Amino acid sequence: MNEQVEQIKNIQAAIEAILYAAGYPVTYEKLSEVLGLSKRDVKSIVEHMASAYNKDDSERGIMLLRFDDSCQFCTKEVFAPYI
């Protein structure tokens, strides 16, 4: 069980790194190719990640946008005056 949790954490970290480096929307298809996972699994993981990033009480300055075929990091609107 712990090995499975670690694997999911590593996949989430890889998705973070990919989205951060890209700077533009990355398709779920591309993420699934790179990560060796099904598109369905990638979308599920991204959905879980988005729920954590996008909470109103999140301490993060970014949010995870999800589109029909892709996803992307962006800064939260509240921090626009600082950018």
Item checked: Evaluation of D68 against (1) of a type in the set (D, E, K, R); (2) part of a loop (DSSP other than H, G, I, E, B); (3) at pLDDT below 95 (one fails), failing number -> (3)
Item checked: Residue ID - surrounded by the most Cβ atoms within 10 Å (Cβ to Cβ), chosen from residues in region 7-22 that are closer than 12 Å to L37 by Cβ and of a type in the set (A, V, I, L, M, F, W, C) -> I15
Next item on the list: Out of the residues in region 23-32 that are in contact with a strand residue (DSSP E or B) (Cβ under 9 Å, 6 or more places away or on another chain) and over 18 Å from G61 (Cβ atoms), state the one that is most open to solvent (accessible area, probe 1.4 Å).
Entry: Y24
Check: Could we say that V78 is out of contact with any helix residue (DSSP H, G or I) (no Cβ under 9 Å at 6 or more places or on another chain), open to solvent by less than 70 Å² (accessible area, probe 1.4 Å) and without any contact (Cβ under 8 Å) to a residue 12 or more places away in the chain here?
Finding: no
Notebook entry, point to check: Any idea which of (1) open to solvent by 40 Å² or more (accessible area, probe 1.4 Å); (2) at pLDDT 95 or above is the one D57 doesn't satisfy?
Noted result: (2)
Check: Quick one: how many residues across region 34-54 are surrounded by 12 or more Cβ atoms within 10 Å (Cβ to Cβ) and basic (K, R)?
Finding: 2
Note to self: Looking at region 33-63 only, could you name the residues that are without any contact (Cβ under 8 Å) to a residue 12 or more places away in the chain, among the acidic types (D, E) and closer than 18 Å to I18 by Cβ?
What the structure shows: E33, D41
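The values are calculated or read from the model by the stated rules, or taken from the named source; none is laboratory data. Because the structure is a prediction, the values reported are computed rather than measured. With ideal geometry, Cβ positions are generated from the backbone for all residues, glycine too; neighbour counts draw on all protein chains shown. Heavy atoms of the whole protein, side chains included, go into the accessibility calculation; ligands, DNA and RNA do not. Shrake-Rupley method; radii C 1.70, N 1.55, O 1.52, S 1.80 Å.
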